[in-house]
Amino acid sequence: MNRTEFERHIIRPIHTGKGFQSSVYLVDWNGEQVAVKDFARAPKWFRRLVAPLLVSRECRALKHLLGTPGIPRFIGKIDRVAFALQFIEGTPISTFAKGELAPETFPRIAHIVEGMHARGVAHGDLKRRSNLLLAPDGSVWIIDFAAAVIARGPLSRRLMQSVAEVDDKSLPRLKKFVAPELLTEEDQWKLENPTKLEKWAKKLLGR
Ligand SMILES: Nc1ncnc2c1ncn2[C@@H]1O[C@H](COP(=O)(O)OP(=O)(O)O)[C@@H](O)[C@H]1O
Ligand SMILES: [Mg+2]
């Protein structure tokens, strides 16, 4: 599907991006409802220089993760700044307040994150709670792989593992926010101790 066809088949916007953000649309893709993530409305320099990198990174990660539970299926690239993926009828976890998430959601998130790591992909932006979707059937989905790191060789594997450690803090962070009574001792430890990558970042940024 090219851009003209995609734009002709938009059912409705799902998320309207501001500034450098993408917009996400629900699209009729040859009879199937899919999501299209599109940077066409971003400022020109960003659209030309940065968006193609983000889109190709995200497509690469999604292709690598094809068949992994909790990861939307990659469907296809439209152009340098837009691609289609499985539409998840879900609500971003960021919209839930304290006490609103069912307790079984937390182990489900842990399971999906573990499965992704086992396939050699670290997400890199899981602390943003809008990147986890909860579907009406209670299943959990991870989206937004623009910052993902794929382990392909020894060096990228080390980076992937360091980013995976940061991913592993997202669940304790979420629990602290919506269900602090569920925090385990291990969760507390993770919250209190910076990972290797976080220590490095601190040193580099002098903060
Ligand atoms: N596959 C999808 N199915 C349903 N909604 C989606 C999908 N991908 C993204 N969205 C919606 O669009 C929002 C932004 O998508 P995301 O990939 O996180 O982009 P951004 O880089 O702007 O954060 C999400 O929080 C979610 O509400
Ligand atoms: Mg996001």
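Here are some notes:
- Over the range 91-199, volume per residue of the alpha carbon convex hull, in Å³: 96
- Expressed as a fraction of 2.2 N^0.38 Å, the C-alpha radius of gyration for the range 3-86 is 1.05.
- Considering only the Cα atoms of the chain, their convex hull presents on average a projected area of 12.7 nm².
- Given their separation in residues at 0.36 nm each and the Cα-Cα distance between them, residue 184 and residue 162 gain 5.7 nm when the chain is fully extended.
- Cα lying deepest toward the dipole's positive end in the chain, options 35, 178, 69, charges on Cβ: 35
- A Förster radius of 41 Å combined with the Cβ-Cβ distance from residue 4 to residue 152 puts the calculated FRET efficiency at roughly 0.70.
- For the range 3-86, the tally of Lys pairs with Cα-Cα distances below 18 Å comes to 5, considering only residues 8 or more apart or on different chains.
No value in this document is a laboratory result; all are computed from the given coordinates. This structure is a prediction, so every number in the text was calculated from the model and none was measured. Note that each Cβ is placed from the backbone with ideal geometry, even for glycine, and that neighbours are counted across all protein chains shown.
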